[in-house]
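Asker: Shown below is the structure under consideration.
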Amino acid sequence: MKRRNILKGLSLVPLTAAGIGSSLPFSSAFAAPPPPPTKRDLFKELGVTPVINAGVTMTFLSGSLMMPEVLEAINSTAHDFANMYELQDKVGAKIAEMLQVEAAMVTSGAACAMLLGTAAAITGTDQEKIKLIPNLPGPRPEVIMQKTHRYLFDQAVSTTGAKIVEVEGPEEMEKAFNANTVMALFFNAAEKSSVTHEEFLAIAKKHKIPTFLDAAADVPPVENLFKFQKLGFDMITFSGGKMIRGPQSAGLLFGRKDLIEAAKLNHSPHEAPIGRPMKVNKEEMFGMYAALKSYLERDHKKEWNEWLDRCKRIQAQLETIASVKGETVVDKGPANAFPSLHVTWDQTKVKTTPKDVLEALKSGTPSIVANGKDDMLSIGVVLLKPEQVNIVARRVKEILQQAV
Ligand SMILES: *Cc1c(COP(=O)(O)O)cnc(C)c1O
């Protein structure tokens, strides 16, 4: 065969096959079936165990699951570049409008918002100070906090170089202000307060010192996203990756325009300020906006009823075991103020402890994380996917039944 004919012959083979395949009804008997679409499973690929969260939003358990709208926002914006100054400004303006405040920005979580807010209160728009913080010359800036409000997260405040000054009661607070005071921080979910929100604001305002409210985990209710700016707090933070169901590494800082502008100057995309290691990427800015929009537009009453219904369904399954009792309990908040199912039993009849049940749930397949105390198992329902409600009920029932 001449070379020319070989080439011709080769090109003819696939053509012919394609011709047969597309025109003859019995073609499927000859053609190889298309391979089933293989979905890449990165959990499997890396040997990471997927977990069912029958608890509350927990940082170590990756916060919450992003809403489909958020994933859509992330995916649909990933294919083009954006000027990050413009994006932060425009997303911020939209969020500010939605929350009825002067200004807002997306931070890398509430802890970052605390750091940036404190930095803003220290530096304002002073470029020299922005460059030097946390190593400013002179006495350390001071942030006033109630003694009973001290908590793990206030390290985000002292990271700026600020010193925390503890006070108890309005009188002590009043006396704590001096030339070094830059901010007063209120931890909204503190167990106890010796100074009320209103007193706190009145005293700080008298001294013209900015106030910061940490309400990171304090939705629901949705009204909390509007309440504290109306009360008069200058800066407020909420986590993006808790019940708002945005990206876990995103958060909101909002309030007074001059302070938010100063906070932006202390953040990426500026090259070197204190907030630079806490960058938020483009997709998460879009994602945070989408999450907040979706959260505000949600039918909260319907969602609440769905949570109550989930508790009831799990309760009904578990109470088929003698002595097991379920009770729907709404946490008094302000953090995690939503329903969970508290389960108790007579440990002489069902011979296991909540601690052992939790261990069995965690090490089982699928792995389930719930909470509890010595005499009570707490099953969270708000982070379950619809199909997981029965899975959790079945697993808990199975474990309790084995102990009868
Ligand atoms: C979760 C939480 C934070 C930290 O929030 P991130 O968004 O994870 O940075 C700060 N303060 C309180 C009260 C919290 O609950």
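The values are calculated or read from the model by the stated rules, or taken from the named source; none is laboratory data. Every value quoted in this text rests on a predicted model; they were computed, and no experiment measured them. So basically every Cβ, Gly included, is an ideal-geometry build from the backbone, and we count neighbours across all protein chains shown. Note: areas computed on protein heavy atoms with side chains; ligands, DNA, RNA excluded. Shrake-Rupley method; radii C 1.70, N 1.55, O 1.52, S 1.80 Å.
Asker: Given the residues 97, 69, which is the only one that is among the acidic types (Asp, Glu), farther than 30 Å from residue 390 by Cβ and either open to solvent by 10 Å² or more (accessible area, probe 1.4 Å) or in contact with a Gly (Cβ under 6 Å, 6 or more places away or on another chain) (or both)?
Answerer: Criteria check complete, one pass: 97.
Asker: Among the residues of region 178-189, how many are aliphatic (A, V, I, L, M), assigned to a loop (DSSP other than H, G, I, E, B) and within 12 Å of the ligand (Cβ to nearest atom)?
Answerer: Residues that pass the stated criteria total 1.
Asker: OK, next. Identify the residue in region 123-154 that is of a type in the set (Asp, Glu) and open to solvent by less than 90 Å² (accessible area, probe 1.4 Å) and, among all such residues, is nearest to residue 180 (Cα to Cα).
Answerer: It comes out as 142.
Asker: If you check every pair at least six apart or on different chains, which have Cβ atoms under 6 Å apart with a residue in region 303-322 that is closer than 16 Å to residue 378 by Cβ first and a residue that is among the polar types (S, T, N, Q) and surrounded by fewer than 19 Cβ atoms within 10 Å (Cβ to Cβ) second?
Answerer: What qualifies is 311/328.
Asker: Considering 163, 205, 192, 175, which residue is free of Cβ contacts under 8 Å to residues at least 12 places away in the same chain, open to solvent by 50 Å² or more (accessible area, probe 1.4 Å) and more than 14 Å from the ligand (Cβ to nearest atom)?
Answerer: So the residue among 163, 205, 192, 175 that is free of Cβ contacts under 8 Å to residues at least 12 places away in the same chain, open to solvent by 50 Å² or more (accessible area, probe 1.4 Å) and more than 14 Å from the ligand (Cβ to nearest atom) is 175.
Asker: Answer yes or no: is there a residue in region 332-345 that is open to solvent by 60 Å² or more (accessible area, probe 1.4 Å) and either touching a strand residue (DSSP E or B) at 6+ places or on another chain (Cβ under 7 Å) or closer than 23 Å to residue 403 by Cβ (or both).
Answerer: No, the conditions are met nowhere in region 332-345.
Asker: Among all residue pairs at least 6 apart or on different chains, which show Cβ distances below 8 Å where the first residue, located in region 248-273, is assigned by TED's automatic domain parsing to the domain that holds residue 215 and open to solvent by less than 10 Å² (accessible area, probe 1.4 Å) and the second is of a type in the set (Asp, Glu) and within 16 Å of the ligand (Cβ to nearest atom)?
Answerer: Listed pairs, sorted by first residue: 250/284.
Yes/no per residue for (1) within 23 Å of residue 88 (Cβ to Cβ); (2) modelled with pLDDT of 95 or more; (3) within 16 Å of the ligand (Cβ to nearest atom):
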position	(1), (2), (3)
102	yes, yes, no
106	yes, yes, yes
111	yes, yes, yes
115	yes, yes, yes
131	yes, yes, no
143	no, yes, yes
155	no, yes, yes
159	yes, yes, yes
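Asker: Another question about this same structure. Which one is farthest from the ligand (Cβ to nearest atom) among residues in region 232-247 that are open to solvent by 10 Å² or more (accessible area, probe 1.4 Å), in contact with a Gly (Cβ under 9 Å, 6 or more places away or on another chain) and within 19 Å of residue 297 (Cα to Cα)?
Answerer: 245
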